[in-house]
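Everything below concerns the one structure shown next.
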Amino acid sequence: MSDSNSRKYNLSDFFSNYFAHFGKLLVVNLLFCIPLAVLIGTAVLLTQFLGELSWFVVFLVIPLMSPFFAGLTNVCRKLTANHGMEPVRDYFNGIKQNWLFFLINSFFLYALTAGVFIIIVLNRESGSSGPIFAYMIIMLITSLVFILMDFSAVVMSVSVELGYADILKNSLVLIGKGIVNHLKTLFALLFMGFLLYTTIALIQQPIVSMILMGVLTLLFLPTLMMYTITYNSYQTIEKHIILPYSEEHQRIQRIQEEKKKDEQLTLEDLEPLAEGDPEEYVFLNGKTVKRKTILKMIEVRKK
């Protein structure tokens, strides 16, 4: 676990942590891009034979890539948490340990993506009719809620041992508790998309634009995007889920509770226990203490 008492999550920490491990992230990015290139290339070839159904084939890249997203998320989580990162081992451990969660999650994401696509097509063909437009709004709101939940869910799945239902339940709660970090993630991803779109629009050369996108994806885009999601989400998960159940936190909490119980004792409660040898041990709130400790407590209360 990261040292949350001294750790400060900010832009300086984000970029220094990222660039300090850029070489390792480049290795992970290449491992991720190999299956991504194969699947996208296969989907593009299949679209030549499927016509209007081609988009649903392209969307299948989402579930097929889900295990590799598990590996990518695990690496970015270890980088965020300041755990010693070993890129190749952590990437494949993430796939091995979390592929099922990411696969199940990807089917929901595929269904939402396909649903939004269908609603948009129907809305365009029907000339923005009332019911279709209402369905589109509902679908977009549902997708937004799911995406905000997913920011926490995917990071939680590689950080703590919880079942799928518990992760979804906690992720829904963390939408409210981590809304600021979620908005940071949305803004950062939209800003990256804006920069890429602007660059491609300015080039106005399809082949050059495709080459540029390929190079950027190969070098850093997947890891940078996942690191952004992980960095912002992990802060909320650490604060509300990891730290409250850590042994150190529970020990401190027990000490605070015992101190609170001691402070509630009155002079009438303490004075009978203070009679006798100051070095002798007596029971106080379920623990043994010397009588001289009780004498000090009485002295403090009298002052």
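Kindly provide the set of residues from the range 157-177 that are under 18 Å from residue 231 (Cβ atoms) and not in a loop (DSSP other than H, G, I, E, B), ordered by number.
157, 171, 174, 175, 177 - these are the residues of the range 157-177 that are under 18 Å from residue 231 (Cβ atoms) and not in a loop (DSSP other than H, G, I, E, B).
Quick check: anything in the range 133-156 assigned to a loop (DSSP other than H, G, I, E, B) and either free of Cβ contacts under 8 Å to residues at least 24 places away in the same chain or over 23 Å from residue 65 (Cβ atoms) (or both)? Spell out how you get there, then give the answer.
Taking the range 133-156 and keeping what is assigned to a loop (DSSP other than H, G, I, E, B), we get none.
No: the range 133-156 contains no residue that is assigned to a loop (DSSP other than H, G, I, E, B) and either free of Cβ contacts under 8 Å to residues at least 24 places away in the same chain or over 23 Å from residue 65 (Cβ atoms) (or both).
In the range 53-76, which residues are small (Gly, Ala, Ser) and either in contact with a Ser or Thr (Cβ under 6 Å, 6 or more places away or on another chain) or not in a helix (DSSP H, G or I) (or both)?
Applying the first criterion (small (Gly, Ala, Ser)) to the range 53-76 yields 54, 66, 70-71.
The answer is 54, 66.
Take residue 62 and decide whether it is within 21 Å of residue 237 (Cβ to Cβ), within 23 Å of the chain's Cα centre (by Cα) and of a type in the set (A, V, I, L, M, F, W, C). First the steps, then the outcome.
Values: within 21 Å of residue 237 (Cβ to Cβ): no; within 23 Å of the chain's Cα centre (by Cα): yes; of a type in the set (A, V, I, L, M, F, W, C): yes.
Considered against the rule, which asks whether it is within 21 Å of residue 237 (Cβ to Cβ), within 23 Å of the chain's Cα centre (by Cα) and of a type in the set (A, V, I, L, M, F, W, C), residue 62 comes out as no.
Which of the residues spanning the range 178-194 are within 17 Å of residue 238 (Cβ to Cβ), in a helix (DSSP H, G or I) and not charged (D, E, K, R)?
Filtering the range 178-194 down to residues within 17 Å of residue 238 (Cβ to Cβ) leaves 178-182, 184-185.
Next cut, in a helix (DSSP H, G or I) only: 179-182, 184-185.
Correct list: 179, 180, 181, 182, 185.
Is there a residue being under 30 Å from residue 19 (Cα atoms) and assigned by TED's automatic domain parsing to the domain that holds residue 142 anywhere in the range 107-115?
Just the residues of the range 107-115 that are under 30 Å from residue 19 (Cα atoms), to begin with: none.
Within the range 107-115, none of the residues are under 30 Å from residue 19 (Cα atoms) and assigned by TED's automatic domain parsing to the domain that holds residue 142.
Which one of 224, 183, 196, 202 is at negative phi, without any contact (Cβ under 8 Å) to a residue 12 or more places away in the chain and surrounded by 12 or more Cβ atoms within 10 Å (Cβ to Cβ)? Don't jump to the end; show me each part of the working.
Numbers: 224 fails: without any contact (Cβ under 8 Å) to a residue 12 or more places away in the chain; 196 fails: without any contact (Cβ under 8 Å) to a residue 12 or more places away in the chain; 202 fails: surrounded by 12 or more Cβ atoms within 10 Å (Cβ to Cβ).
Just a single option satisfies the conditions, and that option is 183.
With touching a helix residue (DSSP H, G or I) at 6+ places or on another chain (Cβ under 6 Å) and in the same structural domain as residue 76 (by TED's automatic domain parsing) as the only criterion, which of 158, 208, 173, 180 stands out?
Details: 208 fails: touching a helix residue (DSSP H, G or I) at 6+ places or on another chain (Cβ under 6 Å); 173 fails: touching a helix residue (DSSP H, G or I) at 6+ places or on another chain (Cβ under 6 Å); 180 fails: touching a helix residue (DSSP H, G or I) at 6+ places or on another chain (Cβ under 6 Å).
Exactly one residue qualifies, and that residue is 158.
The values are calculated or read from the model by the stated rules, or taken from the named source; none is laboratory data. Small disclaimer: the values here were computed from a predicted structure and weren't measured. Note: ideal-geometry Cβ built from the backbone for every residue, glycine included; neighbour counts use all protein chains shown.
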